[in-house]
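Accompanying notes for the structure given below.
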Amino acid sequence: MSTPSERADALEARLEAWLERFWRRWNFWIYIAGGLVLLLFIFFWPRIIVTVRSGEQGVLFRRFGQGTVTDKTYGEGLHFVFPWDTLFIYDVRIQQRSVEFQVLTNDGLEVRTDVSVRFHPRIEQVGLLHKRVGPNYFDKIVRPGIVSKLRMTAG
């Protein structure tokens, strides 16, 4: 009758022999698979590792799942993202742009004005902004709003 330590030693020897046979048979394919995984990781590196710089917020779009994540934004720093997802970056600092347009007064005169606009998106609502409007929100929302207000004022 064998002791428990002898049985454990025999089991360990069988396991080592099996692993050695497995390695001799499959080592070429293991190296090939490891190399392919490494190449894929290097190829997708810019999509996997995303840096959000100072004064920016990231909004995650999940291709498989819920789509745009509106309740969470990604702050400054290094973030890991699956390569099939996309992290959109928004500048949340105060920005300034000039808007030039022409309006007609009540007398029918054409007046050309230049207006300087300061704006910034709210950090807590950047996800909704991305989902409903998109990255070019200035041209879709801010500029038309200012032009309509100034036309009403000039008119």
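What does the charge dipole of the chain about its Cα centre add up to, to the nearest 20 debye, if the Cβ of each Lys and Arg holds +1 and the Cβ of each Asp and Glu holds -1? Provide the component values of the computation, followed by the final result.
Numbers: 21 positive and 16 negative charges, 78 e Å.
Value, rounded to 20: 380 debye.
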> Given a 1.4 Å probe, how much area per residue of the chain is accessible, in Å²?
Replying inline: 76 Å²
>> Can you give me the % of accessible surface on region 1-50 that is carbon or sulfur? Probe 1.4 Å, all protein chains present, nothing else counted.
In response: 72 percent
> So what are the three principal axis dimensions of the chain from its Cα atoms, in whole Å, longest to shortest?
Replying inline: 113, 31, 26
>> What is the distance in Å between the Cα centroid of region 85-155 and that of region 26-52?
In response: 44 Å
>> Positive end of the dipole of the chain, charges at C-beta (+1 Lys, Arg; -1 Asp, Glu), about the Cα centre: which of 10, 78, 94 has its Cα farthest in that direction?
In response: 94
> On the accessible surface of region 92-155, probed at 1.4 Å, how many percent belong to carbon and sulfur atoms?
Replying inline: 50 percent
>> If amide hydrogens are placed 1.01 Å from N in the peptide plane, which non-local residues have theirs closer than 5 Å to the one on residue 99?
In response: 115, 116, 117
>> Can you tell me the length gained on complete extension of the stretch residue 149 to residue 62, counting 0.36 nm per residue apart and subtracting the Cα distance?
In response: 27.6 nm
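The values are calculated or read from the model by the stated rules, or taken from the named source; none is laboratory data. Here the structure is a predicted model, which means the values were calculated and not measured. FYI the Cβ positions are ideal-geometry reconstructions off the backbone, even for glycines, and counts take in every protein chain you see. The area values use the complete protein model at the heavy-atom level, side chains included, leaving out ligands, DNA and RNA. Shrake-Rupley method; radii C 1.70, N 1.55, O 1.52, S 1.80 Å.
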